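This report concerns only the one structure given below.
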Amino acid sequence: MSVANGRHILAMPGPTNIPDRVLQAMMRPAEELASKTIVDLTESVLADLKRIFRTTGETFVYAANGHGGWEAALTNVLSRGDKVLVLASGRFAIGWGEMAAFMGADVEVLPGSWRAAIDPAAVEARLRADDAHAIKAVLMVQIDTASGVVNDVPAVRRAIDAAGHPALFMVDGVASVGCMPFEMDSWGVDVAMSASQKGLMTSPGLAFVAANEKAIAAHKSATMKTLYWDWSSRMNTLAYMKHCGTAPEHLLFGLRAALDMIFEEGLEAVWERHRLLAGATHAAVARWAEGQAVTFNITDPLQRAPSVTPVLVQGIETATLTDFARDVGGVSLGLGIGELGGKAFRIAHMGHVNAPTVLGTLAVVEMTLQAKGVPHGAGGVDAAVAYLGAATA
Ligand SMILES: *Cc1c(COP(=O)(O)O)cnc(C)c1O
């Protein structure tokens, strides 16, 4: 028996639901690669990405996924043998660091918890100990999609400054940009990156990197550069050089529509919508947790991400739950990964989500817990509705 047929909902942390308007914007013929349409499209997207990252620096768009964005960021500012400090907080900064190591950087991981945010004091202490300033870059994620933690980017910047350390500050915003405040310039982030398929509501396949003056200066002397990612060639005035070849035209048309939607709603309003829908999700999980078998991964409520909530479950194979939610409930949840592998499912509430999508998703989760006999506090959906009712009154 199944009640899954109807519009399927992606409540996994990427890819996320693509708005019809974005899909329709891609439904068109290709254009000549140097046509005015493509040149203008590229210019408008690069300019609007500055508004998304909140920077007056340079923006770059690549035909790539988030991993490509990672590589683009690293290759442009590092040289082989450079020391890089990775601030662990789950899986994703570690993955970025593994990529840096593969590319020839000397990577050190500052250990962190899977259940809490990066500790800025530990960052400050490690950087103070680096008298010789051997560390060339500090890498972190704003939201770790595996642990569900939100790290405090400005607090880490203050820690770097308190240590008087000149390292480049590089932030992964794949699961956070477009979902919560990100202020590249006022927070002093030197390199930021993101991708199309999470908060930015577009098909997978585009990566974005933003670089400030300090990063561009580091780029000039970096020797890890390869032509496809190279910022200098992409800063060329010739349109096709901005893509190192033919533009990923349809993805850009889709992104254009998604950016229009974001700015029509207002970027701050988009952040607020995410905050409210995360609050509803957290209210539901808190209620389910009263049954003892279900609990939050991130213990401090203030450190829970506004875009994704990993939920720890005991006594059942987690894939049983996600299979049921998908096949019977019509909702794709994420499974736990890394240290949460086999121990958790993840509810994403990012991108093209509203009250019906999130409340519907939470209802399917509750139905799944009930159907599979997982002990849980009843009324999680009621708690979510009550939260949203009060918060929007
Ligand atoms: C999804 C994600 C990535 C990787 O993106 P891909 O497009 O899958 O390569 C990197 N960092 C974070 C924080 C993510 O959530």
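Here are a few things to note about the model shown:
- Pairs of Lys residues in the chain, spaced 8 or more positions apart or belonging to different chains, with C-alpha separations under 22 angstrom: 18 in total.
- Principal axis analysis of the Cα atoms in the range 125-246 yields extents of 46, 35, 24 Å, listed in decreasing size.
- Between the C-alpha center of the range 285-323 and that of the range 202-247 there is a gap of 39 Å.
- The gain in end-to-end length when the GLU317 to ARG275 segment is fully stretched comes to 12.1 nm, 0.36 nm per residue minus the alpha carbon separation.
- In order through the range 311-321: 3J(HN,Hα) via Karplus (6.51 cos²θ - 1.76 cosθ + 1.60), integer Hz, x for Gly, Pro: 10, 7, 10, 10, x, 8, 5, 4, 5, 4, 6
- Longest segment of the chain lacking trypsin sites (Lys or Arg not before Pro) that sit in a DSSP loop with at most 13 other Cβ atoms within 10 Å: 81-393
- Accessible area per residue, Å², the range 251-393 with all protein chains present, probe 1.4 Å: 38 Å²
- With respect to the chain, whose longest principal axis is taken over its alpha-carbon atoms, helix 66-77 is tilted by about 30°.
- Surface composition of the range 31-263: carbon and sulfur atoms hold 57% of the protein heavy-atom accessible area at a 1.4 Å probe.
- The range 109-148 and the range 36-74 have their alpha-carbon centroids 26 Å apart.
- Sites ALA132 and SER35 - FRET efficiency at Förster radius 30 Å, r taken between beta-carbons, to 0.05: 0.05
- Per residue, in Å², the accessible surface of the range 1-86 once ligands and nucleic acids are set aside, probe 1.4 Å: 49 Å²
- The THR299 and MET27 beta-carbon pair, evaluated with R₀ = 56 Å, returns a calculated FRET efficiency of approximately 0.80.
- Mean-square fluctuations from a GNM of the chain, with a 10 angstrom spring cutoff on Cα atoms, peak among ASN236, ASN65, ASN212 at ASN236.
- Rounded to 5, percent antiparallel among DSSP beta bridges of the range 31-263: 40 percent
- Only beta bridges with both residues in the chain are counted; by DSSP, about 55 percent of them are antiparallel.
The values are calculated or read from the model by the stated rules, or taken from the named source; none is laboratory data. This is a predicted model, so every value here is computed, not measured. Glycine gets a Cβ as well: all are built from the backbone with ideal geometry, and neighbour counts include every protein chain shown. Side chains are part of the model used for accessible areas, which takes the heavy atoms of the whole protein and leaves out ligands, DNA and RNA. Shrake-Rupley method; radii C 1.70, N 1.55, O 1.52, S 1.80 Å.
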